[in-house]
Amino acid sequence: MGATRGTFAVESFVDELAANAKQDPLAYRVALLDKNTRAKAVLQLAAAQSGWGKPLPAGQGRGIALCIGFGSFIAQVVQVSVDKDGTVNPTYVWCVVDCGVQVNPDTIRAQMESGIVFGLSAALHGQITIKDGRVEQTNFGDYRVLRINETPRIRVDLVKNLEAPGGIGEPGTSCVMPALTNAIFAATAKRIRKLPVGDQARTEA
């Protein structure tokens with residue numbers, strides 16, 4: 001499936017395995033990564049930055065995900081609040097990047113930030129519909145992307161080392177989608193197995 005499409009399936013399933021084993025999603029992942037120190041490091045740093053494990057009010061949750069691809073290691077934690085009507089509001093994203101030697105750190109951060117916004121937009125709203133043989137969406141007025149007021153606070157931390165430089169074009173987008181849906185599960189106990197999220201987080205009265 002590849003890192004881009006496969007990350008959502010793999011990281012969603014790992015989260016389900018952790019829940020089935022009644023284990024913390026972070027601890028469960030770390031236990032599987034004894035021989036991958038770089039992957040463990042980004043997960044643990046993202047969790048530490050997010051305050052992982054600290055209690056949240058009802059209707060809020062944190063989700064974590066890992067993406068390994070293109071020679072880079074990306075971990076992200078997403079925090080969400082879910083309204084009673086099922087509206088999902090991502091409030092914070094913590095992102096840790098180990099892409100080896102950093103040629104331009106500012107570009108890496110910008111790429112992660114834009115990838116996160118793009119990924120959240122796609123996960124929450126991205127859908128093309130066909131009616132009478134035509135695509136119904138014509139522009140950003142009817143193809144939803146996150147507005148400025150909907151965009152969460154984003155923190156990007158970079159791991160410094162002398163490993164070979166890796167790619168940072170797609171992992172930011174790939175990683176945030178399962179982190180988001182894992183956070184929705186933490187907040188509502190509802191699993192999201194297909195995208196976009198739409199009204200799947202709605203809780204029946």
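Quick note: the coordinates plus some simple rules give every number you see, no bench work behind them. No experiment lies behind these values; they were computed from the predicted model shown. FYI the Cβ positions are ideal-geometry reconstructions off the backbone, even for glycines, and counts take in every protein chain you see.
Taking 7 Å steps out from each Cα toward its Cβ at Glu163 and Asp85 produces label points 4.4 nm apart. As a calculated quantity, the FRET efficiency between Ala21 and Val101 at R0 = 35 Å, using C-beta atoms, amounts to about 0.40.
What's the local net charge at Asp157, with K and R +1, D and E -1, over the other residues with C-beta under 11 Å away? Write out the running numbers ahead of the final one.
Values: positive: Arg109, Arg155, Lys160; negative: Asp98.
Surrounding charge for Asp157 is +2.
Helix-only estimate, please: 222 nm mean residue ellipticity of the chain, summing -39500 (n - 2.57) across DSSP H runs of length 4 or more and dividing by its residues, to the nearest 500.
Details: 5 runs with 79 residues, N = 205.
Estimated from H runs of four or more residues: -12500 deg cm²/dmol.
What does the highest-first list of 42-55, 69-82 look like by mean Cβ count within 10 Å?
Values: 42-55: 17.6, 69-82: 25.2.
Going by the mean number of other Cβ atoms within 10 Å, highest first, we get 69-82, 42-55.
Unpaired cysteine residues in the chain (no second Cys Cβ under 4.7 Å): Cys95, Cys99. Restricting attention to the chain, the count of lysine pairs at 8 or more positions apart or across chains with alpha carbons under 23 Å apart stands at 11.
Please list 155-162, 26-33, 92-99, 59-66 highest first by mean number of surrounding beta-carbon atoms within 10 Å per residue. Display every interim value, and only then the final one.
Working: 155-162: 14.8, 26-33: 17.1, 92-99: 25.5, 59-66: 23.5.
Per-residue mean Cβ counts within 10 Å order the peptides as 92-99, 59-66, 26-33, 155-162.
Please state the relative contact order of the chain as a whole percent: Cα pairs under 8 Å, 6+ residues apart? With pairs under 8 Å counted, the relative contact order is 30 percent.
With charges only on Cβ, +1 for K and R and -1 for D and E, what is the dipole size of the chain about its Cα centre, in debye, rounded to 20? Kindly include the intermediate steps, with their values, before the conclusion.
Working: 22 positive and 19 negative charges, 56 e Å.
Its charge dipole is roughly 280 debye.
What is the list of residues in segment 85-126 whose amide nitrogen lies under 20 Å from a point 7 angstrom out from the Cα of Arg38, following Cα to Cβ? Once the point is set 7 Å along Cα→Cβ of Arg38, 95-113 turn out to lie under 20 Å by backbone N, inside segment 85-126.
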